[in-house]
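First comes the structure, then the notes that go with it.
The values are calculated or read from the model by the stated rules, or taken from the named source; none is laboratory data. All values reported here derive from a predicted model rather than from experimental measurement. In this analysis, Cβ positions are derived from the backbone assuming ideal geometry, glycine residues included, and neighbour counts consider all displayed protein chains. Keep in mind that these areas ignore ligands, DNA and RNA; they rest on the heavy atoms of the full protein, side chains included. Shrake-Rupley method; radii C 1.70, N 1.55, O 1.52, S 1.80 Å.
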Amino acid sequence: MRFPLLFPVLLTAALCAGPAAAQRSTAPENAQVYFIWPHDGTVINGGKFWVRMGLRNMGVAPKGTAVPNTGHHHLLIDTDPPPMTEPIPNDRNHLHFGAGETEARVELPPGKHTLQLLLGDKDHMPHDPPVMSKKITVTVK
């Protein structure tokens, strides 16, 4: 049996589709990421402090680990969340904890700063739905 028109149609569809969109991992609706410490409004003396990160109804796994309902922490500093359809940037405002860390030593200059947690999957993509903490403010003296 021959399908002479099938191959050109499939080839045309593949060429017109463009680059493949990154696949987002799903997260349970009740998943929560949160700050254990610091709390909203904390005043920090000296600039160096420990951030302790919590996660409910999901597991923490290092980057590259393809296990359902897991991810790793990203700390957003003085920035808004990135687009949820793109990998989380890796720069001074987007700290990655791809080894599966749940706490980290952070140093910030004096002043007010915002902090927010965003869970990323094995490829640093936000989950669907995103697992994101509320934004908190800390003051460094």
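What are the residue pairs meeting all of these: first residue in the range 91-119, first residue more than 23 Å from residue 64 (Cβ to Cβ), second residue surrounded by 17 or more Cβ atoms within 10 Å (Cβ to Cβ) and among the hydroxyl-bearing types (Ser, Thr, Tyr), Cβ atoms under 6 Å, and 6 or more apart or on different chains?
116/133
Which number in (1) in a loop (DSSP other than H, G, I, E, B); (2) open to solvent by 30 Å² or more (accessible area, probe 1.4 Å); (3) under 26 Å from residue 30 (Cβ atoms) marks the one condition that residue 55 misses?
Unmet for residue 55, out of (1) in a loop (DSSP other than H, G, I, E, B); (2) open to solvent by 30 Å² or more (accessible area, probe 1.4 Å); (3) under 26 Å from residue 30 (Cβ atoms): (1).
For the range 74-90, how many residues meet the condition of being without any contact (Cβ under 8 Å) to a residue 24 or more places away in the chain, over 10 Å from the mean Cα position of the chain (by Cα) and closer than 13 Å to residue 124 by Cβ?
The qualifying residues number 1.
For the range 121-141, which positions are assigned to a strand (DSSP E or B), under 13 Å from residue 27 (Cβ atoms) and either open to solvent by 60 Å² or more (accessible area, probe 1.4 Å) or of a type in the set (A, V, I, L, M) (or both)?
Passing the criteria: 128, 132.
Within the range 108-120, track down each residue that is open to solvent by 10 Å² or more (accessible area, probe 1.4 Å) and not β-branched (Val, Ile, Thr).
If the condition is that a residue be open to solvent by 10 Å² or more (accessible area, probe 1.4 Å) and not β-branched (Val, Ile, Thr), then 108, 109, 110, 111, 112, 113, 116 are the ones that fit.
Kindly indicate the residue of the range 58-70 that is open to solvent by less than 90 Å² (accessible area, probe 1.4 Å) and not in a strand (DSSP E or B) and also nearest to residue 87 (Cα to Cα) among those meeting that condition.
64
Check whether at least one residue in the range 97-107 is open to solvent by less than 30 Å² (accessible area, probe 1.4 Å) and over 13 Å from the mean Cα position of the chain (by Cα), and report yes or no.
Scanning the range 97-107 turns up at least one residue that is open to solvent by less than 30 Å² (accessible area, probe 1.4 Å) and over 13 Å from the mean Cα position of the chain (by Cα).
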